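Read the structure below first, then the notes.
The values are calculated or read from the model by the stated rules, or taken from the named source; none is laboratory data. Note that the structure is predicted; figures quoted are calculated from it, not measured. FYI the Cβ positions are ideal-geometry reconstructions off the backbone, even for glycines, and counts take in every protein chain you see.
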Amino acid sequence: MRKKSDVIVLIGMMGTGKSTVGAHLAAETGYRMLDLDAMIAEKAGCSIPELFEEKGESYFRELESAVLVEALKVPGSILATGGGAVLRESNCGEMLKYGWVVALAATVDEIVARVGEDKGRPLLAGGARQRVTALLEERKHAYNFAHVTIDTSGKSAEEVSAEILMHY
Ligand code: S3P
């Protein structure tokens with residue numbers, strides 16, 4: 001039996017590659033890929049930007065916590081979370097309880113290059129570089145609870161995925 005949970009949870013800021021790396025990990029392990037934002041959008045019946053626009057961020061955070069708890073109970077899975085899923089301490093506790101938690105990190109330059117002026121990310125409205133810098137400062141300790149942290153800057157998703165599996 002494996003010592004680590006068969007639920008691999010990817011956390012990290014937007015643009016650190018959680019979804020892309022998650023897809024590689026799923027292919028490598030045979031685990032099922034789960035994308036928390038996609039699950040939230042499905043449950044809400046609308047896109048993430050629409051949800052922010054129509055119901056506001058706090059409603060989104062409620063739904064995010066509820067869907068996270070459900071998603072963590074799917075065995076044999078790679079769960080790519082949204083960058084703000086760690087903002088509630090109770091969410092971090094749930095992740096540690098059910099999963100093996102991997103934080104992906106990247107520099108501001110790398111994040112901005114990856115996300116650009118992405119309209120699908122409401123929290124970046126008003127200028128990606130400025131917003132990413134501010135969010136990274138606000139969240140600088142938020143991802144530290146992970147079991148492992150991997151710097152993804154300058155690396156391909158395959159490389160990051162292989163590095164994660166070396167720790168698994
Ligand atoms: C958010 C990150 C997004 C999404 C939402 C809020 C955040 O997910 O959940 O826009 O607070 O950092 P990604 O990290 O997948 O972009």
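Tabulated results
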| quantity | calculated |
| --- | --- |
| Residue under evaluation Glu110, criteria (1) within 15 Å of the ligand (Cβ to nearest atom); (2) within 14 Å of the chain's Cα centre (by Cα), criterion not met | (2) |
| Unmet criterion (only one of (1) in contact with a helix residue (DSSP H, G or I) (Cβ under 9 Å, 6 or more places away or on another chain); (2) part of a strand (DSSP E or B)) for Phe60 | (2) |
| Answer from Ser47, Ser65 - the residue that is polar (S, T, N, Q) and within 21 Å of Ala103 (Cβ to Cβ) | Ser65 |
| Residue satisfying all of: in the range 138-168; within 21 Å of Phe52 (Cβ to Cβ) and of a type in the set (D, E, K, R); surrounded by the fewest Cβ atoms within 10 Å (Cβ to Cβ) among these | Glu138 |
| Selection from the range 114-137 of residues that are touching a residue at least 60 places away in the same chain (Cβ under 8 Å) and exposed (fewer than 13 other Cβ atoms within 10 Å of the Cβ) | Lys119, Gly120 |
| Pairs, first under 20 Å from Leu87 (Cα atoms) in the range 6-23, second basic (Lys, Arg) and near the ligand (Cβ under 7 Å from one of its atoms), C-beta under 7 Å, six or more apart | Leu10/Lys18; Gly12/Lys18; Met14/Arg121 |
| Matching option when the condition is crowded, with 21+ Cβ neighbours inside 10 Å and aliphatic (A, V, I, L, M), among Leu34, Leu63 | Leu34 |
| Residues satisfying the stated conditions in the range 70-90, i.e. in a helix (DSSP H, G or I) and either surrounded by fewer than 15 Cβ atoms within 10 Å (Cβ to Cβ) or in contact with a His (Cβ under 8 Å, 6 or more places away or on another chain) (or both) | Glu70, Glu89, Ser90 |
| Filter result for the condition that a residue is closer than 19 Å to Ala157 by Cα and free of Cβ contacts under 8 Å to residues at least 12 places away in the same chain, over Ala38, Ala27 | Ala27 |
| Residue among Gly93, Gly22, Gly15 that alone is outside any helix (DSSP H, G or I) and small (Gly, Ala, Ser) | Gly15 |
| Qualifying positions in the range 91-113 - charged (D, E, K, R), within 16 Å of Leu136 (Cα to Cα) and surrounded by fewer than 17 Cβ atoms within 10 Å (Cβ to Cβ) | Asp109 |
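For every residue, the table says whether it meets (1) charged (D, E, K, R); (2) at pLDDT below 95; (3) within 13 Å of the ligand (Cβ to nearest atom).
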residue: Leu25; (1), (2), (3): no, no, no
residue: Gly30; (1), (2), (3): no, no, no
residue: Ala41; (1), (2), (3): no, no, yes
residue: Ser47; (1), (2), (3): no, no, yes
residue: Arg61; (1), (2), (3): yes, no, yes
residue: Leu68; (1), (2), (3): no, no, yes
residue: Arg88; (1), (2), (3): yes, no, yes
residue: Gly93; (1), (2), (3): no, no, no
